[in-house]
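Shown next, in structure tokens, is the structure this report addresses.
The values are calculated or read from the model by the stated rules, or taken from the named source; none is laboratory data. Note that the structure is predicted; figures quoted are calculated from it, not measured. Here Cβ is always computed from backbone atoms with ideal geometry, including for glycine, and neighbour counts include all displayed protein chains. Only protein heavy atoms, including side chains, enter the accessible area calculation; ligands, DNA and RNA are left aside. Shrake-Rupley method; radii C 1.70, N 1.55, O 1.52, S 1.80 Å.
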Amino acid sequence: MKIARFSRLGFILAAAGSAVGLGNIWKFPYIAGENGGGAFVIVYLITVFGIGFSVMIAEMLIGYMGRIDSVGSFEKLAPQNKSTWKLAGFIGFTGIMILTFYSVVIGWIFHYISVALVSLPSSVEEAEYSFTQLLQTGIGTQIFYHTLAFLTTTIIVIKGIKSGIEKMNYILMPTLIMILGGMFIYATTLDGFSQALDFMFNPDWSKINSETLVTAVGHAFFTLSLGMASILTYSASLPKKINLTRTSLIIVGLDTGIAIIAGLILFTFLFQYGEEPSKGPGLVFISLPAVFYEMGSMGTLLAVLFFISLAFAGLTSAVSLLEPMVQYLIDRYKYTRLSASLLAGGFFYIIGILALLANTKEYSELLTFGSRNLFDWIDFITASVLLPLGGLLISIFIGYVVPKEQVRAGLKSSMNDIGFGVWYFVLRYLVPPALIVVMLNLLNIFV
Ligand code: TRP
């Protein structure tokens, strides 16, 4: 039995800290931009609250009932098929794979905090040039900032659930919300705001196709930190008395709210200065810095605050990507927290360096395998294959493997009979087919 437990607010902040990450502030705006805005946003909201919310409760329940690392929790809840279902617990290790490139991206953000302080690029062309330079030739810079991201993440995890993860989220999450809140208020005073509102909420249904649906489901999982045992691992340290439905709803609400607010802020700034919303992954690192430059000294302030908030969001997610592996090493092999963190941290640190080298001119050939380089392979395999697979395993496990009475008992104080009926139905009959379609689609078997 664990001794360190989150407080109720501590858990909500930590889980929200995990969910709110680069996925919300960097990825959501650019995929919404690429997929035509309003209609995508509506599909995304339906998926997040329909599918994501149900899986979040299921994943929390596994950790809450198991009370141990992800592998141990699956074993404990399926005593008859222990050796088969313990394999599902290994989804926890996908987190560390994501962390390899996630840490590199946090490194880019650190670099952009210094760019914002020193000199912003004066045009989109210049911004594009410096971003490409960073990726292709800035090996030293990238390794330096990746090291910084690695150190911060690992040190927090070494400090443990209470004085590391919980404390970090107590400080960073409210700060993040305040910065974004302030920027949002400022954005509402600009002319571009009404255009941003229109872009994000006025649906043009002709923009929706099967690929949009797949992107929305995939992103719903990524942004809510589902399918890789981040939430499961945190839930093993939940306080005993907690309403899982309400807690999940708060986390999903915070995550969605922050994504929408980040989107509105970004699009307001872009529209205000006549930029396109559909620039893809470079939106935050290319279009936005150029726009901040146009805004003069106000722009410098906004740029610094923006990249700091992005770094905070990234770091609170990074610790949740490392913790599952660390908890596994501690619970199963009796490692000390220090050695478990250094071992798991060292792993993502080294692979992360290889991943960043794969984008450089010098090493790209060496680190490209078939159609993708190492960086893109890790991204693709984790997000497109392992993540939906993790979600599928969780929903099948709670929907079909763990006896219904046990599931009902675990949720006794979390939902009434009607609520349980609806949730159980969604988990059994809607989530698995949706995820199977997503996986087939993403693997390009369908499209
Ligand atoms: N949700 C985070 C984001 O939006 C990333 C993340 C943290 C994650 N833990 C996860 C994604 C577990 C999938 C699974 O950036």
Every residue in the stretch 295-330 that is at pLDDT 95 or above and open to solvent by 30 Å² or more (accessible area, probe 1.4 Å), please.
T300, L301, L305, I308, F312, M325, I330
Just give me the residues in the stretch 174-189 being among the hydrophobic types (A, V, I, L, M, F, W, C), more than 23 Å from the chain's Cα centre (by Cα) and surrounded by fewer than 16 Cβ atoms within 10 Å (Cβ to Cβ), in sequence order.
I185
Where a residue in the stretch 6-19 is open to solvent by 20 Å² or more (accessible area, probe 1.4 Å) and its partner, wherever it lies, is more than 16 Å from the ligand (Cβ to nearest atom), with Cβ under 7 Å and at least six apart:
S7/P239; R8/P239; R8/I242; I12/T247; L13/Y170
Is it the case, given these coordinates, that I286 is more than 14 Å from the ligand (Cβ to nearest atom), closer than 18 Å to I113 by Cα, open to solvent by 20 Å² or more (accessible area, probe 1.4 Å) and in contact with a Phe, Trp or Tyr (Cβ under 9 Å, 6 or more places away or on another chain)?
yes
Consider the stretch 343-357. How many of its residues are open to solvent by 30 Å² or more (accessible area, probe 1.4 Å) and either within 18 Å of the chain's Cα centre (by Cα) or farther than 26 Å from G138 by Cα (or both)?
1
Might you check whether a residue that is out of contact with any Phe, Trp or Tyr (no Cβ under 9 Å at 6 or more places or on another chain), in contact (Cβ under 8 Å) with a residue 12 or more places away in the chain and within 16 Å of the ligand (Cβ to nearest atom) occurs anywhere in the stretch 237-250?
yes
Flagged in the stretch 358-382 as crowded, with 22+ Cβ neighbours inside 10 Å and small (G, A, S), in numbering order, are A358
If I filter the stretch 207-226 down to residues being open to solvent by 40 Å² or more (accessible area, probe 1.4 Å), touching a residue at least 60 places away in the same chain (Cβ under 8 Å) and of a type in the set (S, T, N, Q), which single residue comes out as nearest to T256 (Cα to Cα)?
T215
Within the stretch 99-122, count every residue that is out of contact with any helix residue (DSSP H, G or I) (no Cβ under 6 Å at 6 or more places or on another chain) and polar (S, T, N, Q).
2
Go through the stretch 331-342 and give me each residue that's farther than 20 Å from S225 by Cβ and open to solvent by less than 10 Å² (accessible area, probe 1.4 Å).
A340
Residues that are within 16 Å of the ligand (Cβ to nearest atom), under 22 Å from the mean Cα position of the chain (by Cα) and among the hydroxyl-bearing types (S, T, Y): find the helices (runs of 4 or more DSSP H) completely inside the stretch 15-102 holding 2 or more of those.
38-47
Inside the stretch 185-209, can you point out the residues that are closer than 16 Å to M295 by Cβ and not aliphatic (A, V, I, L, M)?
Y186, T188, T189, D191, G192, F193
Examine the stretch 243-251 for a residue that is open to solvent by 10 Å² or more (accessible area, probe 1.4 Å), modelled with pLDDT of 95 or more and not in a helix (DSSP H, G or I), and state whether such a residue exists.
yes
Matching residues in the stretch 142-173 - criterion: being open to solvent by 50 Å² or more (accessible area, probe 1.4 Å), free of Cβ contacts under 8 Å to residues at least 60 places away in the same chain and not hydrophobic (A, V, I, L, M, F, W, C)
K159, S163, K167
